[in-house]
Amino acid sequence: MASQFFLGRQPIVDIDGKIFAYELLFHNEKSKVDNNRQATSTVVSNVLNKFGTSQVLGLHKAFVKVDYDFILHDLVYNLPKDKFILSLLDLESIDEKLEERILKLYHDGYTLAINDINFNIENMKKYSRVLRYFEYIKIDTTTTELHSVTDVLRAFNIKTSKIITTKIEHEATKNSCEELGFGLFQGFYFAKPNILKNSFVDSEKLAVLKIVNMLVSEASLDDITATFETNHTLSIQLLKFINSGAFSFRNKISSINHVLTLVGRFPLAQWLMLLIYSKSVNNSTEASPLLLLVKSRTVLMQETLKLIKPNVSKTELSEAYFIGVFSLIDALLGGVIEDILDDMNISDNIKGAIVGKNSTYADILTFIIANEERDDNYIKYFIEKYELNPNEIEHVLLESIKDINTFEEALNM
């Protein structure tokens, strides 16, 4: 069987946590590729010919890694220059042939970057003749001595706006990069936010959680409406969120009672949980990386469950959704996830899947996380365990990306 291709994206965010661009990533069941040119060619071929640029990238541009051979090959001109940023892998030297190609790509309107470099004076000297043609320099924070970065910036007259700090996995590294004046960041710290410790949870989020509890319990609609009416700000923001382009209602919903009767208890609870993953309830239509990640997990939980169990019930799909939406609740609220879930009126199936008890739900959530972290071994194990068609899995992953793009675009309308 041919090696299966799975596409992924890692966000690059600005100082405010907004998505600036993506880096395109891919993995396959072999967990490796033979060379960098093959890797780039695979990404290019699948994005352009199989998936479609707009479907994969949505509103954003993407960094794609290119090596010496690829950048000198005419394949490079297959990349639309308005959507892709060519991120040159670090090289031992820049020869005359490569220098000429860099100059030509620059004058042809391509945006160029240096990929994940160890940012020191000796390493940067080889780029001195072409440095002005690169719009961005991606600094590898795992190999760069951050305390010496200022000297390198000064030595080569590089502005901090050119710098993207990568492989950030901890808050301390992010804080150090911010102190140096950098404003663009990449790493698993942002793809999967850290767990906040002893954090203050604003009253609006607590109000949302209270109403979610009421919706999934036996509370009456009158009591739920009354609770909403005691919080005018939350009611207004919920109506804004429900009436945003993310939801396809033919007519505007004008009251909380209208929401409850038209939408239903469980769908409303689901959307309210998405609402609290926004940067704040008072700015509920801002598509933060955390909100988009949670939305992605809800889509993948439901669609993957449909593959495994074609006759899945509405109740099971609802549980799958809540597993996705609660799977990052500790990143939002702080504390131990088991304790947070114990305070919620959710089923043992949902709690068990999130804390890792053996179940199909737990396997699906582990598969989703494996895809986020590019764990090819577990992806292969999961596909074989449930006897899934890799083409169908690939389709589900692509459709989830398209859904997230549509969701983000609607929130920005």
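Within 21 Å of the chain's Cα centre (by Cα), modelled with pLDDT of 85 or more and closer than 23 Å to I137 by Cα: does that describe F26? In short, no. Here I71 qualifies as in a helix (DSSP H, G or I) and either assigned by TED's automatic domain parsing to the domain that holds N391 or modelled with pLDDT of 90 or more (or both). Close contacts from the range 377-390, counting a first residue that is within 12 Å of F367 (Cβ to Cβ) and a second that is acidic (D, E) and in a helix (DSSP H, G or I), with Cβ to Cβ under 9 Å and a gap of 6+ residues or different chains, come to F382/D363; K385/D363; Y386/D363.
Flag not set for I139, criterion: in contact (Cβ under 8 Å) with a residue 60 or more places away in the chain and aliphatic (A, V, I, L, M).
Close contacts from the range 319-345, counting a first residue that is over 18 Å from A207 (Cα atoms) and a second that is small (G, A, S) and surrounded by 18 or more Cβ atoms within 10 Å (Cβ to Cβ), with Cβ to Cβ under 7 Å and a gap of 6+ residues or different chains, come to I323/A353. Tally the residues that are modelled with pLDDT under 80, part of a loop (DSSP other than H, G, I, E, B) and under 22 Å from Q270 (Cβ atoms), restricting the search to the range 335-388. Selection size over the range 335-388: 4.
Summed over the range 134-168, the residues that are surrounded by fewer than 16 Cβ atoms within 10 Å (Cβ to Cβ), within 30 Å of the chain's Cα centre (by Cα) and not polar (S, T, N, Q) give a count of 5.
The values are calculated or read from the model by the stated rules, or taken from the named source; none is laboratory data. Not measured: the values here are computed from a predicted model. Glycine gets a Cβ as well: all are built from the backbone with ideal geometry, and neighbour counts include every protein chain shown.
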